[in-house]
Amino acid sequence: MSVVRLEKPRQLLRDPRIMTVIGVVVGLLLILLYINTAIKWSTFVKFLINGLVESSVLFLMASGLSLIFGLMDVVNFAHGAVFTWGGYIFVWAFNRFTTSGIPTEDKGHFLSWMYMGLEPLPATLLALVFGLIGGALLGAAIEFIAIRRLYGRPVFQILLTLGLVLIMEETLRLIFGKDGTINYTAEQWPSGGFRPDPTILVNWKSVAIVITGLVVFGSVTWLLNRTKVGLVIRGGVEDTQMVQALGYNVKRYFFAVFVLGSLLAALGGIANSINSGAGSETMGQAYLLTAFVVVVLGGLGSFSGAAVGSLMVGLITPFVGYHFPAVADSFVMILLVLVLLVRPQGLFGSKVY
């Protein structure tokens, strides 16, 4: 005879799945009420599309941070600088691949072969490879030269990575001039899109950024939960000595995770450059604080939590900025405080730190 156990109401409220379902239902009801009373349908769709694009860029940044900070407990402030460098390398390579004529000052230079005069789409794909390789190499250098000796020493990690941020930003100013800016002509991207409403055009670059975010979420979730590599990584985070005793080189796996996290940061920088059409040497730091909040909001060590947190922040922020511009900048911190008051471990976290 089976016994049916009835959960107490307080236990149900602690289940993130129940909380998520309740949140989705309440959110949908509020959205319907909001559309009917506050704004036009076309304005709502524009905010929704912009929010999805911003959520995807933020998630690409936060996903790498979730692996490095949430799983490995490495406080890496240089993550934002890798985001910036990924975007810069992509734009720099794209501008050369789309130009056919070699400038006088670059004639005879060993990189003069890059002026190939390609169409925007193949130039974008080739520049994407350059940006990703650049981000991965930067992450490998940071882990091998600096972080490897500082695992388990968070104070030294903070000081060292803050120093790296200054060095990497100054290097960009040295290469691109005092203001450190670089421009990407948005019109060069393949034109066109689709219209969910006669007054709204969703361009293909927005669609590509959102799809990239979904592909990254599915791929990394599969890697961590369905493969032997993911099993070793999660085991190494829980008990490093035990996994090493089983014959696995945990340091090598941590190195690979750090490089993967840096590659995702570079991918976020590339997506941000495509979306905004320009970049500055501090754009990564502007996203970094929000990405830290997203990782804590979703729960440390929870990759799904980082995705949900990015979606919440990215979708709600445009509406808050429209109605309450005075609190738009502080909204993310207010949201974090409200969630932590209810669930100190974050939305999908299992442990209170």
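The values are calculated or read from the model by the stated rules, or taken from the named source; none is laboratory data. All of these numbers come straight from a predicted model, not from anything done at the bench. Neighbour counts are summed over all protein chains in view; Cβ atoms, including those assigned to glycine, are modelled from backbone coordinates with ideal geometry. Heads up: the accessible areas ignore ligands, DNA and RNA and are worked out on the full protein's heavy atoms, side chains in. Shrake-Rupley method; radii C 1.70, N 1.55, O 1.52, S 1.80 Å.
Of note:
- As a fraction of the 1.4 Å probe accessible area of the stretch 26-161, surface on carbon and sulfur atoms comes out at 72 percent.
- Computed from the alpha carbon atoms alone, the convex hull of the chain holds 191 Å³ per residue.
- Quotient of Cα Rg and 2.2 N^0.38 Å for the stretch 223-282, N being how many residues it contains: 1.56
- One chain, two ends: ILE167 and PHE144. Fully extended at 0.36 nm per residue, the span grows by 6.6 nm beyond their Cα-Cα distance.
- GLY213 sits among other residues whose Cβ lies under 14 Å from its own Cβ, and their net charge, with Lys and Arg +1 and Asp and Glu -1, is 0.
- Net charge, ALA140 excluded, C-beta distance under 14 Å - Lys, Arg +1, Asp, Glu -1: +2
- Summed side-chain charge close to ALA78 - residues other than ALA78 whose Cβ falls under 11 Å, Lys, Arg +1, Asp, Glu -1: -2
- Solvent exposure of the stretch 262-353 amounts to 41 Å² per residue of accessible area, where only protein heavy atoms count and the probe is 1.4 Å.
- CD proxy at 222 nm, helix term only [per DSSP H run n ≥ 4: -39500 (n - 2.57); per residue of the chain; nearest 500]: -23000 deg cm²/dmol
- Chain lengthening between SER276 and VAL229 when straightened (0.36 nm per residue, less Cα-Cα): 13.4 nm
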